[in-house]
Amino acid sequence: MKENLKNLFLKLRTFIKFSISSISSSLVDMVLFQAFCMLFLTPLGKGFYIIAATILARIISSAMNYLLNYFLVFKSDSKQTKALVKYAIIAVVKMLISAFIVTAIVDAIPNGIPELAIKLPVDFVLFFLNYVIQKKFVY
């Protein structure tokens, strides 16, 4: 019984640290996404500005998230290059899914809702999927 409780506590602690890391990275991502949307709207036009903003913001926030997860959350013992490659693949797929879903919803809503209001719930759903994948396959 004591061992089960200890394992549960360790899993919960890891999930809480992952959540804090993700929230921190998400805040960086959201702020940069909004700034890049404002910067790129006119030069890139509707549709493309969201994808460009998503990519740039996600590159920066993902680098931060990877380092936090590797060294502090999962305290990985796998080789850093191997973990980084796996993380990068997952981050790119997640970024593309987010960018295309947000773009599709923004384009579908006339007199639209702000991009960030759509991005938040989309990325929230992707967060849970991301945790499971990172825990099982990356670290």
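Each value in this text was obtained by applying a stated rule to the coordinates, not by laboratory testing. Keep in mind that this is a model prediction, so the values were computed, not measured. Backbone-built Cβ (ideal geometry, glycine too); neighbour counts: all protein chains shown.
For this structure, a couple of remarks:
- Spatially proximal lysines relative to Lys94 (Cα-Cα < 19 Å; intrachain offsets below 8 disregarded): Lys82, Lys86, Lys119, Lys135, Lys136
- Rounded to the nearest 20 debye, dipole of the stretch 2-138 from Cβ charges on Lys, Arg, Asp, Glu: 740 debye
- Furthest towards positive pole of dipole, Leu129, Thr14, Gln34, structure part the chain, Cβ charges: Thr14
- Taking θ as phi - 60° and the Karplus parameters 6.51, -1.76 and 1.60, the scalar couplings of the stretch 75-90 work out to 6, 5, 9, 6, 4, 4, 5, 4, 5, 5, 4, 4, 4, 4, 4, 5 Hz in sequence order, x denoting glycine and proline.
- Crossing angle, helix 48-68 versus the chain [Cα axis fit, 0-90 degrees, rounded to tens]: 20 degrees
- Globularity index of the chain, i.e. its alpha-carbon radius of gyration over 2.2 N^0.38 Å: 1.17
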